[in-house]
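*Asks:* Can you read through this structure? Questions will come right after.
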Amino acid sequence: MALERTLSIIKPDAVAKNVIGEIYTRFEKAGLKIVAAKMKQLTREEAEGFYAVHRERPFFGALVEFMISGPVMIQALEGDDAIARNRELMGATNPKDAAPGTIRADFADSIDANAVHGSDGPETAKNEIAYFFTEAELASR
Ligand code: RTP
Ligand code: MG
């Protein structure tokens, strides 16, 4: 197993539901350590840049509007197979398809308001962590 880092975002719907702590507990129980964290109201430019790979997709406008609809909680997670492990904890993109006990099954309302983001691969994780955190902001633990 490889020690990895991944980027996680608790989206505006889950922040509004006041479940940051419940989601952090799931990360910690799964052996993922929070090595950096910040709460932030994303600007439109930040949200568009973050989801730039989806720029041509029909849902891009709605996705950006949703991501700037309220503050988000952004964290870098570290652990064995952190990228896949976080994706397992999150569940499927559409909460209707998410396995019972996953974050999206328990906290998400729709495919748009789906509670969390997680990097989908090593290259994405590296770029997404650097998008929000400087090297100095990442703890070694
Ligand atoms: P995320 O990037 O947020 O972790 O989600 P994901 O990998 O599970 O899904 P992705 O394909 O990367 O899509 C990014 C976000 O766009 C919204 N989406 N809407 N209406 C649709 O068909 C649709 N497809 C995707 C979702 O909010 C998804 O989280
Ligand atoms: Mg994605």
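The values are calculated or read from the model by the stated rules, or taken from the named source; none is laboratory data. Just so we're clear, the structure is a prediction, and the values are computed from it rather than from any experiment. Counting neighbours? That spans all protein chains shown, and the Cβs are built from the backbone with ideal geometry, glycine included.
*Asks:* Looking at this structure, is A76 modelled with pLDDT under 95, aliphatic (A, V, I, L, M) and away from ligand 2 (no atom under 15 Å from the Cβ)?
*Replies:* no
*Asks:* Sticking with this one: Could you go through segment 69-82 and let me know if any residue there is of a type in the set (A, V, I, L, M, F, W, C) and surrounded by fewer than 18 Cβ atoms within 10 Å (Cβ to Cβ).
*Replies:* Within segment 69-82, not a single residue is of a type in the set (A, V, I, L, M, F, W, C) and surrounded by fewer than 18 Cβ atoms within 10 Å (Cβ to Cβ).
*Asks:* Would you be able to say whether some residue in segment 117-130 is within 10 Å of ligand 1 (Cβ to nearest atom) and within 19 Å of G31 (Cβ to Cβ)?
*Replies:* Yes.
*Asks:* Restricting attention to segment 97-116, which residues are charged (D, E, K, R) and within 12 Å of ligand 1 (Cβ to nearest atom)?
*Replies:* Residues satisfying the conditions are D97, R104, D109, D112.
*Asks:* Just name the residue that is farthest from R141 (Cα to Cα) out of those in segment 25-44 that are surrounded by 15 or more Cβ atoms within 10 Å (Cβ to Cβ) and either within 13 Å of ligand 1 (Cβ to nearest atom) or free of Cβ contacts under 8 Å to residues at least 40 places away in the same chain (or both).
*Replies:* If we take residues in segment 25-44 being surrounded by 15 or more Cβ atoms within 10 Å (Cβ to Cβ) and either within 13 Å of ligand 1 (Cβ to nearest atom) or free of Cβ contacts under 8 Å to residues at least 40 places away in the same chain (or both), then L42 is farthest from R141 (Cα to Cα).
*Asks:* Here's a check for you: in segment 45-63, which residue that is of a type in the set (D, E) and surrounded by 15 or more Cβ atoms within 10 Å (Cβ to Cβ) is farthest from Y131 (Cα to Cα)?
*Replies:* It comes out as E48.
*Asks:* Another question, then. Conditions: (1) within 16 Å of ligand 2 (Cβ to nearest atom); (2) touching a Gly at 6+ places or on another chain (Cβ under 9 Å). F66 meets all but one. Number of the miss?
*Replies:* With (1) within 16 Å of ligand 2 (Cβ to nearest atom); (2) touching a Gly at 6+ places or on another chain (Cβ under 9 Å) applied to F66, the lone miss is (2).
*Asks:* Also, I was wondering about something else. Which residues, counting only those in segment 78-100, are closer than 20 Å to T6 by Cα and of a type in the set (D, E, K, R)?
*Replies:* E78, D80, D81, R85, R87, E88
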